[in-house]
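Trainee: I am attaching a structure below and will ask some questions about it afterwards.
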Amino acid sequence: MNFTLRKVMIGDSDFLFNLRNEESVRRVSFNQESINPMGHSEWFKKKLADSQSQIFIAEVKSQSIGMVRFDLIGDADAEVNVAVTEKFQGKGYGSGILRQSAVKFLELFPKINSIHAFIKPDNLVSIRSFIKAGYALQGEVEHPRILLILTR
């Protein structure tokens with residue numbers, strides 16, 4: 001899979017808004033409601049200014065195809081969220097994006113020991129992508145959340 005990863009920029013707001021509201025992305029999210037432009041704009045501004053959060057955009061031939069967001073939780077751990085546009089789902093990009101973004105994130109935050117992913121138990125495609133990217137399945141931690149962890 002040929003793709004590049006870059007840090008999010010202010011101009012990515014519309015892409016992230018549209019990605020988050022795609023039916024296929026909402027269906028596997030814990031919050032399945034559509035988000036409104038005003039709420040997204042406020043959230044996006046906060047995330048850009050948040051030193052405890054890092055967002056990467058995945059691109060194929062300069063076209064944005066997905067995003068990965070890492071949020072620090074404590075001093076040594078982070079949580080990851082990922083989404084790929086419907087057009088590029090099922091093509092094998094997910095695990096590569098997860099793997100490469102983790103490398104970039106851990107370079108930026110060398111004190112992080114583990115990255116946690118929480119996934120719905122019925123989202124088997126995502127679970128497989130995380131496992132292929134090196135995350136270890138931990139099992140259900142709270143209904144309905146499956147935990148996978150990537151350790152250094």
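Since every read-out is calculated from the coordinates, none of them should be taken as a lab result. Quick caveat: nothing in here was measured; it's all calculated off a predicted structure. As a convention, Cβ positions derive from the backbone with ideal geometry for all residues, glycine included, and neighbour counts pool all protein chains shown.
Trainee: If you build a Gaussian network model of the chain, linking Cα atoms that sit under 10 Å apart, which residue out of Glu79, Glu23, Glu142 swings the most?
Mentor: Glu142
Trainee: Jot down the per residue volume, in cubic angstrom and as a whole number, of the convex hull over the alpha-carbon atoms of the range 1-79.
Mentor: 119 Å³
Trainee: Could I ask something else about it? Between the range 1-80 and the range 114-152, how far is it from one alpha carbon centroid to the other, in angstrom?
Mentor: 19 Å
Trainee: Would you mind telling me which residue in Asn31, Asn18, Asn113 has the biggest mean-square fluctuation in a Gaussian network model of the chain, where springs connect alpha carbons within a distance under 10 angstrom?
Mentor: Looking only at Asn31, Asn18, Asn113, the largest GNM fluctuation is found for Asn31.
Trainee: Sticking with this one: What does the charge count around Lys104 come to, taking other residues whose C-beta lies under 12 Å from its C-beta (Lys +1, Arg +1, Asp -1, Glu -1)? All intermediate terms of the calculation are to be shown ahead of the outcome.
Mentor: Working: positive: Arg6, Lys7, Arg99; negative: Glu107.
Neighbour charge sum, excluding Lys104 itself: +2.
Trainee: Between Rg and the Kirkwood Rh of the chain, both from Cα atoms, what is the Rg to Rh ratio?
Mentor: Values: Rg = 14.6 Å, Rh = 15.7 Å.
Dividing the radius of gyration by the Kirkwood radius yields 0.93.
Trainee: Running a GNM on the chain with Cα contacts under 10 Å, which residue among Ala136, Ala49, Ala102 ends up with the highest mean-square fluctuation?
Mentor: Ala49
Trainee: Something else: Give, in nm to one decimal, the length gained when the segment between Ile131 and Glu33 is fully stretched (0.36 nm per residue of separation minus the Cα-Cα distance). Spell out each step's value before the answer.
Mentor: Values: separation 98, 0.36 × 98 = 35.28 nm, distance 2.73 nm.
Answer, rounded to one decimal: 32.5 nm.
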